Ligand SMILES: C[S@@+](CC[C@H](N)C(=O)[O-])C[C@H]1O[C@@H](n2cnc3c(N)ncnc32)[C@H](O)[C@@H]1O
């Protein structure tokens, strides 16, 4: 948290937002590319900064100490009985309280390439299919047509219901009960989001949860079929499951698993551990990708997602996420309408603009309906640049059209920034307040990420350099 705050503070003071001067201040550049469809990549621009990893070894115990609370101890003891030695007394890892709550720490120096934890799929993991020892309830369920999250939620909830089996009870008991899920944001909190796309996605996922209540409620034993139990199971699998390729009687296919122990690792954009399924051992393995010091908290990466996806799946917003994006137009028609209003371009060649956007879209396999966004590094959706460039007068050179297109994107970002109820600086000050709820705190972090994307684009002179390189 410290990192993002200091960086935002610096940038918020540093970069003046002067929309009026944008057109005039952009440098002239020489184009070498042919106009229309050959803008590189989906987003266009240059990365501007890179975060330095800060190692936090602030576990509440040292390597000789106990392994977290009683539930964590029971989990570690079960894992070591299952031959997953990572967390046993002689193992290389321990559970402790880290920078983001409970996490995993190195007990000793770990060298690159060392496998630190190995989880048998058959005996330890929970998979989105029923494993060899079917119970009667499992056999009675026809889950073949269900999507993976319904299957995995059913597997987890049946594990909870199965009191006769202690096999994975230690794991189930160690799972968190409370989760910061945007689906349960109150109406007043929803208003604080300030950005429409996330609100829309939350509504969509609420429907998904409601459908799951009906389906799993009808299929599962009463003791685990309540909406509250189903919510818990879905929260758990969305925030802790891994997708791997596992042979299922034939060729490897996508399988979702809950991997006890591995799922205790918190996320970092610069992790020291990789995870992989090893077909020769049948295990899901954690391996060091760099030298790790004793008592250092170890991280994995949860993936390349924007902050919307992080918040929806994991309930947090990563610090300084280079993959965050901010929607600036819902679709092409909105973009063209805006351009016509802003620059009086109603005489522009709209069919040509659509064609340019679509050609760029097809070339990059982007879904037609996808919104138009800017990236955290000052990049712009290349379909948008192509469309806007096509609206510029035909007699202008290709350079001039591209330059005006990029300027239009920058001006849109400025306009959006100015239309928001709070500025970056105000959000930063709000975050300093001790009385914020967890939900509001994460919402403010989320909207600051979006504003940083807009701001990076609004000042991104590099856009021009990259377009014409
Ligand atoms: C796979 S679990 C990791 C272990 C978890 N801390 C635990 O106690 O079980 C994922 C959850 O950990 C928390 N988390 C992981 N990485 C985080 C990070 N970088 N910042 C904030 N919270 C994080 C979030 O609550 C997330 O939903």
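We did not get these values from a lab; they are worked out from the coordinates using the rules stated. Remember, it's a predicted structure, so these values are computed and weren't measured experimentally. Because the Cβ atoms are built from the backbone with ideal geometry, glycine has one as well, and the counts that use them run over all protein chains shown.
The table that follows gives values for the structure above.
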{"quantity": "For 354, 342, 240, 447, order by how many other beta-carbon atoms lie within 10 Å, fewest first", "calculated": "342, 354, 240, 447"}
{"quantity": "Label-reachable residues, region 186-218, where backbone N falls under 18 Å from a point 7 Å from residue 226's Cα toward its Cβ", "calculated": "210, 212-218"}
{"quantity": "Modelled FRET efficiency - R0 30 Å, residue 120 with residue 200, Cβ distances, 0.05 increments", "calculated": "0.15"}
{"quantity": "Rounded Å value of the spacing that divides the Cα centres of region 394-453 and region 73-101", "calculated": "42"}
{"quantity": "Separation of alpha-carbon centers, region 288-339 and region 173-212, rounded to whole Å", "calculated": "17"}
{"quantity": "Burial ranking of peptide ranges 325-337, 428-440 (average Cβ count within 10 Å, highest at the top)", "calculated": "325-337, 428-440"}
{"quantity": "Rounded FRET efficiency, nearest 0.05, which uses the C-beta distance separating residue 370 from residue 186 and R0 of 41 Å", "calculated": "0.85"}
{"quantity": "Rounded if a/c under 1.5, otherwise prolate or oblate - region 152-286, Cα gyration tensor axes", "calculated": "oblate"}
{"quantity": "Sorted by Cβ density within 10 Å, fewest first, the residues 287, 147", "calculated": "147, 287"}
{"quantity": "Global geometry of region 138-203, whether rounded, prolate or oblate, following the gyration tensor of its Cα atoms and the 1.5 cut on a/c", "calculated": "oblate"}
{"quantity": "Listed peptides 200-213, 181-194, 374-387, 72-85 by packing density, highest first (mean Cβ within 10 Å)", "calculated": "374-387, 72-85, 181-194, 200-213"}
